[in-house]
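The values are calculated or read from the model by the stated rules, or taken from the named source; none is laboratory data. Keep in mind that what you see is a predicted model, and the values were worked out from it rather than measured. When we count neighbours, we look across all protein chains shown, and the Cβ atoms used for this are built from the backbone with ideal geometry, even at glycine.
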Amino acid sequence: MTRSDMPNTAVTFAVLGPTEVRASDGSVAALPPSVRALLARLALSCGRVVPVDALTDALWGDEGDDLPADAANALQIRVSKLRRALAAAGLGTDVLVTQAPGYRLAVPAEAVDAHVFERLLVRAREETAAGNVTAASSRLDEALRLWRGPALADVGRTTWATTESARLEELRLGAVEDRIELLLESGGHNEAIADIERLVALHPLRERLHRLLMLALYRGGRQAEALAAYQALRRGLADELGIDPSPELQALAEAILRQQVPAAAQPSAQPSAQPSVQPSVPSPPGPAGQRAPEGAERLPRRLTSVIGRQDDVAAVLERLAEARVVTLTGPGGMGKTTLAFEVARRVSETPDEMPADRVLLVRLAALEPGADVAGAFAAELGVAAQGTAPADVVEEHLRDGRTLLVVDNCEHVVDDVAVLVERLAAACPRLRVLATSREALAIPGEVQVAVGPLGDDSAVRLFEERARAVRPSFTLDAGNAAVVASICRRLDGMPLAIELAAARVKALSPADIEARLADRFSLLTAGPRTGEARHRTLRATLDWSHDLLTDAERRLLRRLAVFRGGWTPAAAEEVCAFSGAGGGVGRGEVLDLLFRLVDRSLVVPEPATGRFRLLVTVRDYAWARLEEAGEVAECRDRHLACYVRLAEENGPYVRNLTVFTRLYDEHDNFRAAVDHALDRGDVENGFRLANALVMFWNYGVRYEGTRALTALLETGGGSAGARGRALQGIGLLHVYYPTPHSVAATEESLAIFEEIGDARNAAISRLVMSWAGQYGGDAAHYRAMIERSRRELGDSDDGWWLCMTEYLEALLALRLGDFEDAAVRWRRALDLARAVGDRIIGSAILAHLGIALRESGRHEEALAVLRESVDEVRGRNSFHGLTFALVHTAHTRLDMDEGDDASALLAEADEVARRVRNPRCQAWAAWGRARMARVRGDAGAAVRECRDALALLKEGEFPWARARLWSFLAECAEAAGVPDEAAHARETAAALTS
């Protein structure tokens, strides 16, 4: 492709960052802040008329709260201002055209950086599909250079602005991932690792980034770290969304564990070198210039070869050329999904076989029967309904362009899918649908393709290849070829069954496998129509795999289903070793049986942590077996007892990082144990467990502790002491952002402990009350309470409570603005924390010490201390400590006029704060963004960020800090031309400092 084929990137209108207009000489023209949102909205729809209603929504929002009384007149005033600004830039008065029912920016798409970016991204993916790695990389680099900061950075936070900026940011991140993908496939894994790790920190739940990191680490010889990266994502998805990683990522983790990941392509200087990327054809701009996000376009990466389906692929392509809807039908395990994906890849790679501008994928396997199918389509395609019926949004998204839509696993929602697909086929004339289902959709014009078994030769080849994957020394020879052929025939050439049989070669000979196949056909066919497809298929296949186990292995497998998020060998011995009605498992047998289950691919080891886990589908199957055996109650009771003991033994020592990590790994099991205590009504053990974990939750995920303690208190059960400790725990988990409920809980706990004569816990509750008083109240009264608790607790817990009393004294000094005294007290508290080995609270002390030093004017010292605090907690799952240290490091840099790194620090701090629901640190992040906006002259954005920060803080911050934020808001509001708000802010600041 020649340079002349590319879009002209000498743009005139720029929205990938602050909104800009560039004059003919390339200089940035002056642009009044009041017209930037208007220009951005018009530029992103350049060449098309934007209705007046759409423009008013973009400027003042669609809720109507900020809409001027005469919106049409206000819009005309801004249009006039924009015309004058464009004329001053030398662009003439005819660029902005009045045309019913609104206005049009009469410029080509090449004049707007966002459109140039999208076209370069399309060209880059075309180059990738053609194997032109160098050209693709060049296009991506050119596209990414257009970005000068967050898209639409200065146009406000209306629904339109936030939606459009999120769409553009998703495209940018997709381009970054594409660039890294090409780098990895060219052998540049080592140089990419640092950049990928930074992106993963910013987007901790983005699966494609984790896949790239896993590949880069593995190919760089760091297999354990690659597996650790996968586990970090798995825990994050479980904690935040309650889901597992995608099957593709699970497969990659398995391949890494078995060292079976395909090698990267060797670096080549030839532009035509063929990368091992499996790209999809990117979609053209849809309505209003929108495109599906990256995740909706990319097909799952093929990790193994597809055998024996070449003729089937050709046949399906012929049917798609003739019919608008083609459905692949057949029993579970026959390879319908594999065939559909292979057809889609062929369309992506060789569009001359069936022209398509884009290939989109909708997967329905996880959808429950009776769920909203149209909503699932919209979510999978990445289009937001925003008050519109999901089916209407999907139809609009698919109406333009030639699209191949793959809809996978329809059988359990087939009626609703049929209705929607029939509607889409009628409304979208250039849409082709390729569906997979155990039964046809039965709609007009549909063509069915029955996916049959593999031929004998292909089936044997599949068995041989998959067997070599688990046992590289396996060979097909005269001694076993006839047996393998017999196995494949007896399994009716079904690919999934053959692959699972081949996996058994690791432990069994082909002859042994064949001997165990009697009467297996019924188990490998479709089950009841009411069951979900993947459950029916995997149930049948797992039944066969389960029958290969010994009785003891079966007992252990089903009992392991009681664990959540994995287990240690010791926990398996404690929970699973007992005698039941169906037989027993001895404690000394567990480890050997566990290893046998690993060998049979039913249990997944995690070498980096020494833990084990079950895949979700295997766990579901094992749980059903546990219910059939009548062992659920026994296992759950033993599981609860195990984790009560673990919490009580380790909870008091959670300040030790090794202990904290041990408990963090069991987070899912603790949650399951609390839930079982509540379900069973075992409130006593529930309180024992939750109260033992309060400090663990305080250092980690505080809202999880609040949830558990609140649920237990709501039962109305428990002893007075247990309830008092739970109330005290709720107060402790809220000391950094106290609420009326948490303050009342602490006060109630104190009353309980005084009534029952528990002096120790009464002293602790007084400290918690003083802790919550860091933002207001009688400081002298709190100091008296701290002093009393210091006398009553003495040097208990090896002096840890003595450290905490010094910590709280320092907090009060910081609240009162006595920064020098606070610094002295923080250093004293730090010495005590280090003496007791509490590095987690030590990092919090370092962060507060950094604040005291900064406010004392000792910025260099403050920065060094804050860096040390970040280093202490990064990677240790102490999320509150990390976000607090990061956000104050950023503010210290801003104080020192070293704001270059502040943006990244604030972004990471804000992301972590949102995940762990820490409004205080979210507020400081917004304040930091306000300071940066003010420096670049965007007073309006600064005002909006200040408002957000104050709304998040409420009363939860030191008075001097809130006064400073109000003063800063006054300054920004004055600069933004909002005098009434500026006056109110000054009055509030004065009241806080009086």
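Just a few scattered comments:
- Single residue of the range 775-803 satisfying the filter (within 39 Å of the chain's Cα centre (by Cα) and surrounded by fewer than 24 Cβ atoms within 10 Å (Cβ to Cβ)) that is farthest from L849 (Cα to Cα): D797
- Members of the range 610-625 that are surrounded by fewer than 17 Cβ atoms within 10 Å (Cβ to Cβ) and at pLDDT 80 or above: G610, A624
- Unmet criterion (only one of (1) surrounded by 16 or more Cβ atoms within 10 Å (Cβ to Cβ); (2) part of a helix (DSSP H, G or I)) for V155: (2)
- Number of the condition not met by A143 [criteria: (1) surrounded by 18 or more Cβ atoms within 10 Å (Cβ to Cβ); (2) over 21 Å from the mean Cα position of the chain (by Cα); (3) outside any loop (DSSP other than H, G, I, E, B); (4) in contact (Cβ under 8 Å) with a residue 60 or more places away in the chain]: (4)
- For the range 652-682, the set of residues classified as crowded, with 18+ Cβ neighbours inside 10 Å, β-branched (V, I, T) and at pLDDT below 90 consists of V654 only.
- The single condition among (1) surrounded by fewer than 19 Cβ atoms within 10 Å (Cβ to Cβ); (2) within 24 Å of A151 (Cβ to Cβ); (3) assigned by TED's automatic domain parsing to the domain that holds L31 that E126 does not meet is (3).
- Residue in the range 484-500 that is more than 30 Å from H412 (Cα to Cα) and out of contact with any helix residue (DSSP H, G or I) (no Cβ under 9 Å at 6 or more places or on another chain) present: no
- Hey, S45 touching a helix residue (DSSP H, G or I) at 6+ places or on another chain (Cβ under 9 Å), of a type in the set (G, A, S) and at pLDDT 80 or above or not: yes
- If you check T537, T541 for being at pLDDT below 70, farther than 25 Å from C576 by Cα, in contact with a helix residue (DSSP H, G or I) (Cβ under 9 Å, 6 or more places away or on another chain) and in a helix (DSSP H, G or I), only one passes: T537.
- The residue that is farthest from A229 (Cα to Cα), among those in the range 866-882 that are of a type in the set (G, A, S) and part of a helix (DSSP H, G or I), is S869.
- Sole residue being surrounded by 20 or more Cβ atoms within 10 Å (Cβ to Cβ) and assigned by TED's automatic domain parsing to the domain that holds A226, chosen from A192, A161, A136: A192
- Among residues of the range 626-645 being in contact with a Phe, Trp or Tyr (Cβ under 9 Å, 6 or more places away or on another chain) and part of a helix (DSSP H, G or I), the one that is nearest to A708 (Cα to Cα) is Y643.
- Condition check for A885: part of a helix (DSSP H, G or I), crowded, with 24+ Cβ neighbours inside 10 Å and in contact (Cβ under 8 Å) with a residue 40 or more places away in the chain: yes
- Among the residues listed as L237, L252, L227, the single one being in contact with a strand residue (DSSP E or B) (Cβ under 8 Å, 6 or more places away or on another chain) and not assigned by TED's automatic domain parsing to the domain that holds A365: L227
- Whichever residue in the range 346-369 is touching a strand residue (DSSP E or B) at 6+ places or on another chain (Cβ under 8 Å) and under 17 Å from T436 (Cβ atoms) and, among such residues, is modelled with the lowest pLDDT: A365
- Leading residue by the ranking (nearest to the chain's Cα centre (by Cα)) among those in the range 749-774 that are buried (at least 18 other Cβ atoms within 10 Å of the Cβ) and closer than 20 Å to E714 by Cα: S749
- Filter result (crowded, with 23+ Cβ neighbours inside 10 Å and not aromatic (F, W, Y)) within the range 220-242: A226, A229, L233
- Selection count, the range 60-79, where residues are part of a loop (DSSP other than H, G, I, E, B) and either over 18 Å from R157 (Cα atoms) or modelled with pLDDT of 80 or more (or both): 2
- Condition check for A469: modelled with pLDDT under 90, farther than 25 Å from E318 by Cα, touching a helix residue (DSSP H, G or I) at 6+ places or on another chain (Cβ under 7 Å) and part of a helix (DSSP H, G or I): no
- Single match in A561, A629, A577 (criterion: of a type outside the set (K, R) and more than 19 Å from D547 (Cα to Cα)): A577
- Of all residues in the range 243-273 being modelled with pLDDT under 70, among the small types (G, A, S) and surrounded by 14 or more Cβ atoms within 10 Å (Cβ to Cβ), the one that is farthest from R466 (Cα to Cα): S268
- Single match in A930, A941 (criterion: closer than 30 Å to H734 by Cβ and out of contact with any Ser or Thr (no Cβ under 8 Å at 6 or more places or on another chain)): A930
- Just one of the listed residues (D415, D400) is free of Cβ contacts under 8 Å to residues at least 24 places away in the same chain and either more than 25 Å from R167 (Cβ to Cβ) or out of contact with any Lys or Arg (no Cβ under 7 Å at 6 or more places or on another chain) (or both), and it is D415.
- Residues located in the range 905-940, provided they are without any contact (Cβ under 8 Å) to a residue 24 or more places away in the chain and surrounded by fewer than 18 Cβ atoms within 10 Å (Cβ to Cβ): R914, G937
- Residue within the range 704-723 that is buried (at least 23 other Cβ atoms within 10 Å of the Cβ), modelled with pLDDT under 95, touching a helix residue (DSSP H, G or I) at 6+ places or on another chain (Cβ under 7 Å) and among the small types (G, A, S) present: yes
- Being under 27 Å from the mean Cα position of the chain (by Cα) and closer than 19 Å to F660 by Cβ is a description that applies to Y703.
- Checking each residue in the range 683-700 for being charged (D, E, K, R) and surrounded by 20 or more Cβ atoms within 10 Å (Cβ to Cβ) picks out only R688.
- Applying the condition of being outside any helix (DSSP H, G or I) and touching a Leu at 6+ places or on another chain (Cβ under 8 Å) to the range 220-251 and asking which residue is farthest from S186 (Cα to Cα) yields I243.
- Pairs, first free of Cβ contacts under 8 Å to residues at least 60 places away in the same chain in the range 977-994, second charged (D, E, K, R), C-beta under 6 Å, six or more apart: A982/E974; L992/R962
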